[in-house]
Each structure stands twice: as C-alpha cells, then as structure tokens.
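First the structure, in the form of structure tokens, and then the observations on it.
The values are calculated or read from the model by the stated rules, or taken from the named source; none is laboratory data. Fair warning: this is a prediction, and the values are worked out from it, not measured in the lab. When we count neighbours, we look across all protein chains shown, and the Cβ atoms used for this are built from the backbone with ideal geometry, even at glycine.
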Amino acid sequence: MKLSFRWYGESDPISLEYISQIPGMRSIVTAVYDVKPGQVWPEESLAALKKDCEDHGLIFDVVESIPVHEDIKLGRGNVEELLEVYCENIRRCAAYGVKCVTYNFMPVFDWTRTQLDKKAPDGSTSLVMYWDQMRGLDPLKDDIHLPGWDSSYTQDEVRELIGAYGELGEEGLWANLERFLKKVIPVAEECGVKMAIHPDDPPYPIFGLPRIITCETNLDRFLKLVDSPANCLCLCTGSLGCARSNDVTAMVRKYSAMGRIAFMHIRNVKIMEDGSFEERAHLSSCGSLDIYEIVRALVETGFDGYVRPDHGRMIWGETGKPGYGLYDRALGATYINGLFEACEKANK
Ligand SMILES: [Mn+2]
C-alpha cells in the first residue's frame with residue numbers, strides 16, 4: 001500500500017514538513033483549489049504542487065478531487081463542454097505525475113453532518129450526524145445551513161437544485177454518471193490514471209436527494225457501467241460504514257480482489273441505536289468497524305493502491321478544519337502502518 005495524507009495546499013495550517021515527519025508517509029493527496037468546477041486547472045498550479053511536495057520528499061500523485069460540475073450530474077446545460085474540460089484536467093494531472101483521481105457524484109452536498117465539534121467525554125471533538133437534529137428540517141421550506149454545506153449557494157439556488165434532482169431521480173442520475181464515465185474513463189486509461197469514485201456520505205437519501213453510490217448492489221452496477229481497470233472505487237470505510245446494512249470488510253475483500261479499489265479512505269464510525277453516527281478514533285474498539293479485518297482483507301488480496309487516514313478528531317487542543325487536523329490523522333496513519341506491518345508479516 002502507498003500511505004498518503006490529504007493536504008489543502010498553501011492555505012492548509014498543516015505544513016508539508018509536518019506531514020513528511022509522519023512515519024512511512026509517501027504521497028500527498030491534494031487538488032487545485034483556486035478554480036471553480038468546470039474550469040481548466042492552470043499548469044502553473046499543478047507544477048507548484050508537484051514541486052512543493054518534492055521539496056519535502058513527498059510525491060504528488062493523488063488528486064482529491066476534480067469536482068464534477070452540477071450540470072454534468074443533472075445532465076443539463078453545456079454538458080459536452082464540461083466533460084471536455086474534465087478530460088483536459090485528467091490529462092494535465094497525469095502530465096504532472098498524478099496516478100489516481102478521486103471524485104464523487106453526490107448531488108449538491110459532498111457530505112452531511114449536523115455538528116462538527118461534538119465533544120466526547122475525553123474532551124476530544126468530532127463530526128456527528130444525529131437524526132434528532134436532522135428531523136424536521138426541510139430545505140424546501142426553511143432557511144437551513146448545515147455545517148459543511150457549500151455556502152456559495154443561496155437558499156433559492158439550493159431549492160432549485162433540490163427540485164431539479166427530485167425530478168431527475170436515481171435512474172436519471174445513473175444515466176448521467178454513465179455518460180460521464182464513457183467520456184472520462186477512456187482518457188484516464190490513455191494517460192495511466194485510475195479514477196476513484198467516493199461513496200455517498202452518508203450512503204442513504206437526505207432531503208429526498210438521489211443517492212446511488214451507496215451499497216454493494218450499486219457498486220457492482222457502477223463497476224459494470226464501464227468495465228475497465230481505470231474505473232475504480234475510492235472505498236471510504238467511514239462513508240459506507242455508517243449504514244449498518246453495509247458489510248464493509250466483505251466489500252473491501254471483494255472489490256480489492258477484483259483490482260477495483262484504487263484508493264482507501266480508512267476511518268471508524270460509531271453507529272448509534274437510531275442510526276445516527278459519530279466519527280471516532282481509527283482504532284477498531286472505538287467504533288463500529290473492525291479496521292484490523294479491513295486491513296487484513298486488503299493484505300490478503302494483494303492491495304497495492306493508496307491509503308489515507310480519513311477524518312480525525314480534534315485532540316490535544318488543536319483547532320482547524322474539522323476532520324482535518326494533524327494529530328489524530330497522524331495517529332491514524334501510525335495505526336494503519338502497524339496493522340499493515342502485522343498483517344503483511346503474518347501473511348508471508
Ligand atoms: Mn472519505
């Protein structure tokens with residue numbers, strides 16, 4: 001496996017120097033953040049990312065993410081032109097050494113939580129989604145701003161988008177995803193890039209928005225849309241794992257054996273009685289997922305893709321971007337290293 005760490009570029013309070021000091025750290029996962037979805041990434045920005053990483057003994061070879069323009073997902077407006085731009089961005093990334101591009105096909109919002117700083121008894125804080133905070137909220141009627149939602153949308157724009165996705169429905173979204181893949185995957189194949197779709201987070205409908213990258217049946221369908229080794233998953237254990245119906249370990253074993261996982265996001269979640277969930281420390285005993293069994297499945301199936309510790313808690317007084325502090329993600333990285341070393345030695 002190739003250990004990686006997400007970095008938000010120059011504006012990230014965590015320096016590449018600090019990241020490079022995490023044992024075994026190899027790759028930086030980042031993106032060009034100064035351009036809007038639907039625009040071409042400037043070569044200078046990609047060149048600067050590559051150089052910054054190299055200056056710190058790190059490799060810039062994973063992009064998270066090239067965002068998919070809402071009009072591609074909705075299949076409206078100038079889709080062909082937007083798809084061309086998307087393909088050009090893949091080519092440009094590849095020219096600067098990128099081997100894996102992550103993206104998602106979630107309508108409107110990348111992820112949904114009700115609180116970003118829920119305090120645990122030990123004083124650490126983490127992201128949570130509580131149904132009792134969620135129930136009764138109706139974005140079509142109320143002016144709601146859940147944490148993490150793109151604040152660049154006005155409430156009217158959000159209503160318009162929710163209405164448009166409601167009309168599109170799941171099958172419409174599948175059709176638009178297929179159109180996207182048929183255009184993008186051949187380009188990725190040509191330039192040696194693996195495209196890795198991130199599952200919906202959480203993997204069930206919120207506010208009636210269609211969700212399709214959610215469960216084994218749908219992942220099977222997704223992989224068959226374009227049956228290519230470049231059409232892969234970014235298997236996020238925490239996103240799939242907050243639905244009790246998903247057997248994450250079995251999914252990891254199956255898709256890794258098929259060679260269709262390009263990127264692993266490893267984190268733990270605790271599912272509560274009512275289906276709410278809390279993000280927890282990476283350790284298996286801290287949440288609902290058995291991270292040891294997940295790593296064992298990867299090792300036994302010969303996984304050689306990228307792995308990153310996903311969201312961490314805020315600990316030791318750190319403040320910053322919720323989920324993306326240094327300390328708890330570094331602890332996660334070290335734990336992941338330990339599990340891989342143990343499983344690899346046991347597997348010999
Ligand atoms: Mn993730």
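For the reader, a short list of remarks on this structure follows.
- Filter result for S276 (out of contact with any helix residue (DSSP H, G or I) (no Cβ under 9 Å at 6 or more places or on another chain), surrounded by fewer than 24 Cβ atoms within 10 Å (Cβ to Cβ), among the polar types (S, T, N, Q) and closer than 25 Å to P121 by Cα): no
- Condition check for S45: over 13 Å from V98 (Cα atoms) and of a type in the set (G, A, S): yes
For every residue, the table says whether it meets (1) farther than 22 Å from N246 by Cα; (2) aliphatic (A, V, I, L, M).
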| site | (1), (2) |
| --- | --- |
| K99 | yes, no |
| P107 | no, no |
| D117 | yes, no |
| Q133 | yes, no |
| G163 | yes, no |
| E170 | no, no |
| A175 | yes, yes |
| L181 | yes, yes |
| A196 | no, yes |
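- Any pair with Cβ under 9 angstrom, 6 or more apart, that starts in segment 145-162 at a residue that is under 15 Å from D110 (Cβ atoms) and ends at one that is at pLDDT below 70 and of a type in the set (F, W, Y): V158/W149
- Screening E167 with (1) assigned to a helix (DSSP H, G or I); (2) crowded, with 16+ Cβ neighbours inside 10 Å gives one miss only, at (2).
- Of all residues in segment 269-317, none satisfies the criterion of being on the phi > 0 side of the Ramachandran plot and within 16 Å of the ligand (Cβ to nearest atom).
- When residues of segment 180-215 are limited to those that are within 16 Å of the ligand (Cβ to nearest atom) and of a type in the set (D, E, K, R), the one surrounded by the most Cβ atoms within 10 Å (Cβ to Cβ): D200
- Checking K119 against (1) more than 17 Å from the chain's Cα centre (by Cα); (2) over 23 Å from D201 (Cα atoms); (3) of a type in the set (K, R), the condition it does not meet: (2)
- Look at (1) farther than 14 Å from D201 by Cβ; (2) not in a loop (DSSP other than H, G, I, E, B) and you find that V269 fails only one, number (1).
- Residue among C236, C215, C191, C232 that is modelled with pLDDT of 95 or more and in contact with a His (Cβ under 6 Å, 6 or more places away or on another chain): C236
- Within segment 239-268, the residues that satisfy the criterion of being touching a helix residue (DSSP H, G or I) at 6+ places or on another chain (Cβ under 9 Å), within 11 Å of the ligand (Cβ to nearest atom) and within 18 Å of T112 (Cβ to Cβ) are L240, G241, H265, R267.
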